[in-house]
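Take a look at the structure set out below.
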Amino acid sequence: MRFRDRVVLVTGGGSGIGRATARAFAREGAVVVVAGRGPESLAETVKLIEADGGVATQVTADVTDEGAAARMVAEVVERHGRLDVAFNNAGVVSAGKVGDLDRETWDRVLAVNLTGVWLSMKYEIAQMREQGGGVIVNTSSNLGAHRRQPGLGAYVASKAAVSALTRTAALEYIGEGIRINAISPGPSDTPRSMRPGETEADRAERLKTTNPSGRVATLDEIAAAVLYLASPDAAYAVGTDLVVDGGASA
Ligand code: NAP
């Protein structure tokens, strides 16, 4: 129960890594607010947490919209009085070689993955400064600062930037008691890690030979790493970009 009564915000909390991590925080006693664009998927996460005996609510927010990012944080504070931990995890992926990407795709990937993390941090940091501290974990990726992959240029550029932004913010705010780190997952068990047209079985077959661990990460394995970074166990981890990718970028 490392997060008993801690107020935790999870963006992209309606599915995948965000949902699994929100559930893991709640299991350890946190009061969780999940955010995203789709109210139905957020409601499903809340239901799952409540069924586990946890406490959670939802807030609909598009993190690319500055007003929405500001309201998302304000809503958490209005409901719970503070914001102890923020997990900025909302993200999108889009395929396309650098020469083939259209402007709209490039702008959307950068807007969600990079600008969305920046806007979320901007308002989270303001609140955390006011309350005298807090913890932020951003979702980056092993594709970016750690390794590159042809056909994912916009995604890789956005995630490399998240890794750099995280480290810069960590240096800027640790003096005020705000501890900021990133998690860089490798292929994790969501549809996101499947290539176009691939089934789960195809992905499993591909990873047997292309990932040193020979498999996809379970969502609980990624959640465990996020909770570690967010917990007092990681009190001296500042500006870390924790790669959890089965060895893919070792
Ligand atoms: P996912 O299930 O698609 O989760 C992404 C979440 O982000 C969704 O819940 C989505 O909900 C939300 N989102 C998208 N755009 C948003 C916006 N503009 N504002 C607010 N929320 C938004 O995929 P996932 O695999 O769990 O990915 C989570 C994070 O992990 C992403 O940042 C991804 O890049 C990263 N990652 C994933 C893997 C992997 O293999 N799965 C590996 C490395 C890194 P709505 O559409 O309802 O808004």
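Every number in this text was worked out from the coordinates using simple rules, so none of it is lab data. Please read these numbers as outputs of a predicted model, since none were measured by experiment.
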Fill in the blank from the handout: Among Arg103, Arg215, Arg23, the residue with the largest mean-square fluctuation in a Gaussian network model of the chain built from Cα contacts under 10 Å is Arg103
Completion exercise
For Ile136, other-chain or 5+-apart residues with amide H closer than 5 Å (H placed, Pro excluded) are Ala86, Arg179, Ile180, Asn181
Handout entry: Over the range 1-41 - Rg/Rh using Cα atoms and the Kirkwood inverse-distance radius
Key = 0.99
Completion exercise
The answer for Val33, listing residues at least 5 apart or on another chain whose modeled amide H is closer than 5 Å to its amide H, is Val8, Leu9, Val10, Thr57
Handout entry: For the range 1-132: span of alpha carbons on each principal axis (Å, largest first)
Key = 49, 33, 23
Fill in the blank from the handout: For the range 193-202, in residue order, the Karplus 3J(HN,Hα) values (coefficients 6.51, -1.76, 1.60; θ = phi - 60°; whole Hz; Gly and Pro = x) are 8, 9, 6, x, x, 7, 9, 4, 5, 4
Handout entry: Kirkwood-based shape ratio for the range 38-98, expressed as Rg/Rh from alpha carbons
Key = 1.05
Problem - Per residue convex hull volume, Cα atoms of the chain, in Å³ - result: 120
Completion exercise
Amide H contacts under 5 Å for Val244, restricted to residues at least 5 apart in sequence or on another chain and with H modeled in the peptide plane, are Ser184, Gly186
Problem - Compactness index (Cα Rg / 2.2 N^0.38 Å), the range 64-108 - result: 1.72
Handout entry: Column: log10 I(q)/I(0), Debye, Cα scatterers of the range 150-250, q = 0.11, 0.12 Å⁻¹
Key = -0.40, -0.47
Handout entry: Relative contact order of the chain, pairs being alpha-carbon contacts under 8 Å that are 6 or more residues apart, as %
Key = 19
Fill in the blank from the handout: Most fluctuating of Gly177, Gly14, Gly91 in the GNM of the chain (C-alpha, under 10 Å) is Gly177
Handout entry: Counting all C-alpha pairs of the range 68-179, share separated by more than 16 Å (%)
Key = 59
Problem - Computed helical MRE - 222 nm, the chain, DSSP H runs ≥ 4 contributing -39500 (n - 2.57), nearest 500 - result: -14000 deg cm²/dmol
